[in-house]
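Report on one structure; see the data block that follows.
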2 protein chains.
Amino acid sequence: MQMNNYIELINKKLDEFIKIEYPQEIFKSMKYTVTLPGKRLRPIMCLETCKMLGGEIENAIPTACAVEMLHAQTLIHDDLPCMDNDDYRRGKLTNHKVFGEAMAVLAGDALLTYAPQIITKYSENLSSSVMIRVLNEYFQFAGARGVIAGQVVDINSEGKFLDKDNKIINKDEAEKVLEYLHIHKTSDLFQLAMRTGAIIAGADDDKLSAVTEFAKTFGLAFQIADDILDEISTFEQMGKTMGKDKEEGKLTYVSLYGLEESKCKLTCLLSKCHDIMDKQNMSSDIFNEIIENILQRAGSNK
Amino acid sequence: MQMNNYIELINKKLDEFIKIEYPQEIFKSMKYTVTLPGKRLRPIMCLETCKMLGGEIENAIPTACAVEMLHAQTLIHDDLPCMDNDDYRRGKLTNHKVFGEAMAVLAGDALLTYAPQIITKYSENLSSSVMIRVLNEYFQFAGARGVIAGQVVDINSEGKFLDKDNKIINKDEAEKVLEYLHIHKTSDLFQLAMRTGAIIAGADDDKLSAVTEFAKTFGLAFQIADDILDEISTFEQMGKTMGKDKEEGKLTYVSLYGLEESKCKLTCLLSKCHDIMDKQNMSSDIFNEIIENILQRAGSNK
């Protein structure tokens, strides 16, 4: 399947999976952020991993959509005034700007259980034991040992590694913390997507380890690209407020390593992604395209 | 088992099930609210339903604790400044007052997936298909069709049914809305507790319907008692700010029916609870004790 077909399929399913029931406000608020235009990278990577490892895409659709719903959940709560306090996301107003803060808190809460319910409700072809394995992956990566751990360390590290002139304090420690927080904040959702895709395909332990390693590495590369783009892009290009990291003295790859070294790291990590694939004789045009895309947007020296 | 033994067992298990891992703040914040002293009514009702219907208490412990964790989750988020903005809960500072707003949002989020993970991790004796049934109950009652639906309607009804002198406007509609919101805000957690207890015990459909009906009815009675106590108690007796409902012009059973009629309704609903039990030949000293307790605290005319 081509990238566009994947995106179309996922958008159609996301729309189907969230119907506007009573009380409408909550379902509208959930659906608003879940269906914001986006690259659908995480669900695509779930479906493509499943296909690449010999599984049926069909069987992974509910799980792929659940991962995208979880992703939307993290965006809604991250954007709240008490967190990152962002007004725009993907070029549109953030959830709490449209529905109010209380509804945004509740919409995020609701998505956290709505997403796994989609898995149990629509995955007719999964055995109960595979379904429980998939749910456990979801619980693990969505929770206090997953994306939330990253968010907590992110909050706690604010102002800790930069002095008032935005100079790095304690670089070794900063490197460790930055890696930890992005393994969780960013890589965990990719790990969830790819690991569940692999489990649904019935992958063996070697393949499962390989996709885990790929997702971890890819997630770090993705975050470095994001930090580079935050530095060099405009609101129009990105659909969210840019340069905010720098302004707020936030620790990023660019503030830690500078723009050039960040680009090197990005290239290096993405090349490692190819190696991981090759070593396990896994190949996928879609993953190649995704990697190439990131390299072109953030890695080039134009 | 006696009430005290139940409480002891549940407190021990709650403490065991939440270990303080890295990053510590999030686990401390989760554990803080989960382990606040409380009556443990919901987990007790889960365990007692399981026992009453012939199941092993042991098999229901992880689920009972998951229900209590979900209950704590709803308290943490309901108390947030953007929701009810409460500073005290069970005589202690609310979660965001101790850990800050961002951590309280994240602790609530984390509990939503931590709770079902406890079910899958520690329910060794449940078959995969029973486990999935239990998880589906959890997803349903925790989500946008469960407690959250109640919270949404509660928020939307504020100021809608009371004029500036606290007189009821549109009483018929107000009655319907009040019942809907408490079926969800309050009864749903009791339904979750009792239905999962029954499912784990292997109850048939009749018994499952009966405990559902019991939980719905009991939940409404419980809420009426809460409204009565809000009207007549002090902070010292309840451990949270009292008389707040009235002050904020919030629709309650007492504002809708007055104190005396509310007490009548309470007695009537609790007597219906007994009938539901009798009709299915179910009997439990613990449930009798719980009902008696509520009657004595809120139903008497002393």
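The numbers here are math on the coordinates, done by the rules we state, and not lab data. What you are looking at is a predicted structure, and each value in this text was computed from that prediction instead of being measured. So basically every Cβ, Gly included, is an ideal-geometry build from the backbone, and we count neighbours across all protein chains shown.
By the gyration tensor of its Cα atoms, with a ≥ b ≥ c the square roots of the eigenvalues, what is the shape of segment B:36-92: rounded for a/c under 1.5, prolate for a/b over b/c, or oblate?
Working: a/c = 3.82, a/b = 2.80, b/c = 1.36.
Taking the square roots of the gyration eigenvalues as a ≥ b ≥ c, segment B:36-92 is prolate.
Cα centroid distance between segment A:59-132 and segment B:82-116, in Å?
20 Å
Taking the Cβ of residue B:101 as the centre, find all other residues whose Cβ is under 11 Å away and add up their charges (Lys, Arg: +1; Asp, Glu: -1).
Details: positive: B:97; negative: A:101, B:79.
Once all neighbours under 11 Å are counted, the net charge is -1.
Pick from A:191, A:223, A:24: which residue has the top mean-square fluctuation in a GNM of chain A where Cα pairs under 10 Å get a spring?
Residue with maximal mean-square fluctuation among A:191, A:223, A:24: A:24.
Using the charge dipole of segment B:3-299 (Lys, Arg: +1 at Cβ; Asp, Glu: -1 at Cβ; taken about the Cα centre), state which of B:249, B:295, B:26 has its Cα farthest towards the positive end.
B:26
With a cut-off of at most 14 other beta carbons within 10 Å, and DSSP calling the residue loop, which trypsin sites (Lys or Arg not before Pro) in segment A:164-214 qualify? Please list them.
Details: sites: A:164, A:167, A:171, A:176, A:185, A:195, A:207; in loops: A:164, A:167.
Answer in residue order: A:164, A:167.
Please order B:94, A:35 by the number of other Cβ within 10 Å, starting at the fewest.
Values: B:94 25, A:35 14.
Ranked by crowding around the Cβ, least crowded first: A:35, B:94.
Given charges of +1 on the Cβ of Lys and Arg and -1 on the Cβ of Asp and Glu, with all other atoms neutral, how large is the dipole of chain B about its Cα centre, in debye to the nearest 20?
For this selection, approximately 320 debye.
Helix-only mean residue ellipticity at 222 nm, chain A, DSSP H runs n ≥ 4 weighted -39,500 (n - 2.57), per residue, nearest 500. What is it? If you can, show how the numbers build up before the last one.
On the way: 15 runs with 211 residues, N = 302.
Theoretical 222 nm ellipticity from helices: -22500 deg cm²/dmol.
Taking the Cα centre of segment A:6-162 as the origin, how large is its charge dipole in debye, to the nearest 20, when only Lys and Arg (+1) and Asp and Glu (-1) carry charge on their Cβ atoms?
Details: 17 positive and 20 negative charges, 45 e Å.
The dipole of segment A:6-162 has a size of about 220 debye.
Provide, for q = 0.11, 0.13 Å⁻¹, the log10 of I(q)/I(0) from a solvent-free Debye sum over equal Cα point scatterers in segment A:113-218.
Listed by q, the Debye log ratios stand at -0.44, -0.57.
Under DSSP H, which helices of chain A have Cα atoms covering 20 Å or more of the helix axis and a Kyte-Doolittle average no less than 0.5?
A:101-122, A:128-142
Around residue A:200, with a cut-off of 14 angstrom between Cβ atoms, what is the net charge of the other residues, counting Lys and Arg +1 and Asp and Glu -1? Display every interim value, and only then the final one.
Details: positive: A:51, A:133, A:195, A:207; negative: A:48, A:56, A:58, A:124, A:137, A:204.
Here the count lands on -2.
Comparing B:88, B:138, B:22, which has the greatest mean-square fluctuation in the GNM of chain B with Cα pairs linked when under 10 Å apart?
Comparing B:88, B:138, B:22 in the GNM, the peak value goes to B:22.
Report the residue, chosen from A:37, A:62, A:116, that carries the largest GNM mean-square fluctuation when chain A is represented by alpha-carbon nodes joined by springs under 10 Å.
A:37
Arrange B:86, A:205 by Cβ neighbour counts within 10 Å, fewest through most, would you?
Details: B:86 18, A:205 7.
So the ranking, lowest neighbour count to highest, is A:205, B:86.
Report the GluC sites (Glu not before Pro) located in segment A:165-207 that are in a DSSP loop and have at most 12 other Cβ atoms inside 10 Å of their Cβ, or state none. Write down the numbers at each step before the final one.
Values: sites: A:173, A:175, A:179; in loops: none.
Answer by residue number: there is no such site.
Counting other C-beta atoms within 10 Å, which of A:271, B:157 has the fewest, and how do the rest follow? Don't jump to the answer; show the numbers that get you there.
Numbers: A:271 13, B:157 18.
Fewest-to-most Cβ neighbours within 10 Å comes out as A:271, B:157.
Give the shape of segment B:3-299 as rounded, prolate or oblate, defined through the alpha-carbon gyration tensor: a ≥ b ≥ c are the square roots of its eigenvalues, a/c under 1.5 means rounded, and otherwise the shape is prolate if a/b is larger than b/c and oblate if not.
Working: a/c = 1.73, a/b = 1.17, b/c = 1.49.
It is oblate, given that a/c is not under 1.5 and a/b is not larger than b/c.
Taking K and R as +1 and D and E as -1, what net charge do the other residues with C-beta under 14 Å from the C-beta of residue B:156 add up to? Walk me through the intermediate numbers first.
Values: positive: A:28, B:160, B:176, B:185, B:250; negative: A:25, B:154, B:158, B:173.
Neighbourhood net charge equals +1.
Where the only charges are on Cβ atoms (+1 Lys, Arg; -1 Asp, Glu), what is the dipole of the protein assembly as shown about its Cα centre, to the nearest 20 debye? Don't skip to the end; give the middle numbers.
Values: 70 positive and 92 negative charges, 18 e Å.
Charge dipole, the protein assembly as shown, about its Cα centre: 80 debye, nearest 20.
With an 8 Å Cα cut-off and a minimum separation of 6 or more residues, compute the relative contact order for chain A in percent.
Values: 406 pairs, mean separation 59.6, N = 302.
RCO, chain A: 20 percent.
Expressed as a whole percent, how much of the Cα-Cα distance distribution for the protein assembly as shown exceeds 47 Å? Please report the intermediate quantities before stating the final value.
Working: 30308 of 182106 pairs.
For the protein assembly as shown, the fraction of Cα-Cα distances above 47 Å is 17 percent.
Would you mind classifying segment B:1-80 by shape? Square roots of the alpha carbon gyration tensor eigenvalues, ordered a ≥ b ≥ c; an a/c under 1.5 is rounded, otherwise it is prolate if a/b is larger than b/c and oblate if not. Show your work: numbers first, answer last.
Working: a/c = 2.28, a/b = 1.81, b/c = 1.26.
It comes out prolate by the Cα gyration axes.
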